[in-house]
Amino acid sequence: MRICLILIATGKYHVFVRDIVNSAKQFLFKEHSLSFHLFTDCPDFEETESFHVTYVPHVPWPASTLMRYHFITHERAHLANFDYLFYCDVDMRFVSDVGDDILSDFVAVRHPNRTDGGAEKSLDNNPNSTAYVPFSIAVNHVYVAGGFVGGKAENFLNMAKTISSCVDIDLRNKVFARWFDESHLNKYTLSNPPTKLLDPNYCWPENWTDCKFGQVKLLALLKNHKEMRG
Ligand code: UD2
């Protein structure tokens, strides 16, 4: 299989790139051909056959996270050449083997903070946003994390296009969804449920101990949000 891991690192986030790339090379899809596609404003990264770089401007928070599916959609022609696409926050680290068992049409991770319900506290409750989910539906929703998501290339690119269009509508109406891209992703899962729902050990906060969901696969690194977002 040809698989591409998509990363975004603008502004100060370029400091995370080498670590996530090295950890992916060590643990991710060792049986397959793994490539990387980095979106960045930093000139320090050299392109190789398996490491593709697209230069994008750094935009202030929250656009830096919200516009991710626009970046991906722009590179659709290149990304469509892969069998599977995965997006991972750049401030994460693979810590044990991840393989074929997560290859599925549409893959998402249960959010570590929402394993006991309470999705209505995170889903968008603003009817003016395209990410809006009515309370009656929100209470039963399985809330997924924005930080690791993937699937078959065609499905993933369709999702990226749909979410970008929703974000565009919101921006025209001067609305930000509650948790930005993550709210849009969750709204998308209502009509397109993940075919593979991963446990939170695929998005485990670095400073949490005792993961009851099995071996930790992917860590969400601890950082000073305010300082990093500049
Ligand atoms: C959570 C999600 C994230 C996104 C966000 C929306 C996890 C682990 N993370 O992360 O995916 O849904 O909530 O609120 O579930 N970035 C830059 N430059 C910047 C700022 C952000 O490149 O100046 C990129 C970078 O790839 C980063 C990602 O955007 O990893 C998300 O930003 P964050 O990590 O600061 O957001 P966080 O921790 O709230």
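The values are calculated or read from the model by the stated rules, or taken from the named source; none is laboratory data. Predicted model, so just to flag it, every value in this text is computed and none were measured. As a convention, Cβ positions derive from the backbone with ideal geometry for all residues, glycine included, and neighbour counts pool all protein chains shown. We work out accessible area using only protein heavy atoms, side chains counted, and drop any ligands, DNA or RNA first. Shrake-Rupley method; radii C 1.70, N 1.55, O 1.52, S 1.80 Å.
With a 1.4 Å probe and all protein chains left in place, how much of the accessible area of segment 13-119 comes from carbon and sulfur atoms, in whole percent? Answer for segment 13-119 is 47 percent, counting heavy atoms of protein chains only.
Sort the following peptides by mean Cβ neighbour count (other Cβ atoms within 10 Å, averaged over residues), highest first: 62-70, 108-116.
So the peptides 62-70, 108-116, ranked by packing, come out 62-70, 108-116.
Only the Cβ atoms of Lys and Arg (+1) and of Asp and Glu (-1) were treated as charged; on that basis the dipole of the chain about its Cα centre amounts to roughly 520 debye. Put simply, the amide H of residue 144, placed in the peptide plane, has neighbours under 5 Å in 111, leaving out anything fewer than 5 places away on its chain.
Each helix, a run of at least 4 DSSP H residues, gives -39500 (n - 2.57); summed and divided by the residues of the chain, these come to -8000 deg cm²/dmol at 222 nm. The gain in end-to-end length when the residue 49 to residue 173 segment is fully stretched comes to 40.6 nm, 0.36 nm per residue minus the alpha carbon separation. Expressed to the nearest 5 percent, the antiparallel share of DSSP beta bridges inside the chain is 35 percent.
Note: segment 144-230, Cα convex hull, 128 Å³ per residue.
Residues considered: 81, 173, 201. Largest GNM mean-square fluctuation over the chain, using C-alpha springs under 10 Å, is found at 173. Distant-in-sequence amide contacts of residue 106, defined by a placed amide H-H separation under 5 Å and a gap of 5 or more residues or a different chain, comprise 152, 195, 196. Using the Karplus relation 6.51 cos²θ - 1.76 cosθ + 1.60 with θ = phi - 60°, the per-residue 3J(HN,Hα) values for segment 100-111 come to 4, 5, 9, 7, 7, 4, 8, 10, 9, 10, 4, 5 Hz, with x marking Gly and Pro. Our note on the geometry: Cα centres of segment 79-129 and segment 167-185, 18 Å apart. For residue 152, the accessible area of its heavy atoms, probed at 1.4 Å with every protein chain present, is near 90 square angstrom. Summarising the overall dimensions of segment 78-187 from its C-alpha atoms, the Rg and Dmax are 14.8, 43 angstrom. Secondary structure note: in segment 1-63, about 5% of the DSSP beta bridges are antiparallel. Rounded to two decimals, the Cα radius of gyration of the chain over 2.2 N^0.38 Å is 0.96.
Gyration tensor analysis over the Cα atoms of segment 1-131 returns equivalent ellipsoid semi-axes of 25, 21, 15 Å (largest first, whole Å). Of 59, 90, 144, which has the largest mean-square fluctuation in a 10 Å C-alpha GNM of the chain? Among 59, 90, 144, the largest GNM mean-square fluctuation belongs to 59. Measuring r between the beta carbons of residue 100 and residue 209 and using R0 = 30 Å, the FRET efficiency lands at 0.55. The listed peptides 207-213, 19-25, 189-195, 34-40, ordered by packing as a protection proxy, come out as 34-40, 19-25, 189-195, 207-213 (highest mean of other Cβ atoms within 10 Å first).
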